[in-house]
Amino acid sequence: MASSKEFLYFVLEHLSNLSDITYRAMMGEYIIYYGGKVIGGIYDNRFLVKPTPSALKIMSNPQMEIPYTKGSPMIMITDIENTELLTQLFNAMYPELPERKR
């Protein structure tokens, strides 16, 4: 099942406190970038982020989900409307993310 643009816009609205958030459509889903680095994505209308050490610590007991067949588990963000948490989470995760491949 592909993700809807409405859900994408809902997530982006709650990430608006952060500068340099971009996305890219990919096979019916959306990859989310923060500062040019892949931080997560929207898969089947679920907002998932990479399980970095900081993310696992901040989320404490996170719900892990597989984004797609044969994908690695990611953290499902259930409190999307908590912009303060998202800002804290993304800023903590950023230094731990690999640079974007060119």
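Values in this text are rule-based calculations from the coordinates and carry no lab data. Bear in mind that the values here come from a model prediction, so they are computed numbers and not experimental data. Note: ideal-geometry Cβ built from the backbone for every residue, glycine included; neighbour counts use all protein chains shown.
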Q. Taking H as built 1.01 Å from N, whose amide H comes closer than 5 Å to the amide H of residue 45, not counting residues under 5 places away?
A. 3, 4
Q) Counting other Cβ atoms within 10 Å of each Cβ, which chymotrypsin sites (Phe, Trp or Tyr not before Pro) in the stretch 1-91 have at most 14 and sit in a DSSP loop? A) 68
**Q.** Selected from 17, 85, 66, residue furthest toward positive end of dipole (the stretch 5-96; charges at beta carbon)
**A.** 66
Q: Please provide three numbers in whole Å: the alpha-carbon extents of the chain along the principal axes, with the largest listed first.
A: 32, 30, 28
**Q.** Formal net charge of residues neighbouring residue 72 (Cβ-Cβ distance under 12 Å; K, R +1; D, E -1)
**A.** +1
Q) Mind checking which lysines have their C-alpha under 27 Å from residue 5, skipping anything on the same chain fewer than 8 residues away? A) 37, 50, 70, 101
**Q.** In the stretch 1-61, trypsin sites (Lys or Arg not before Pro) in a DSSP loop with at most 15 other beta-carbon atoms within 10 Å
**A.** none
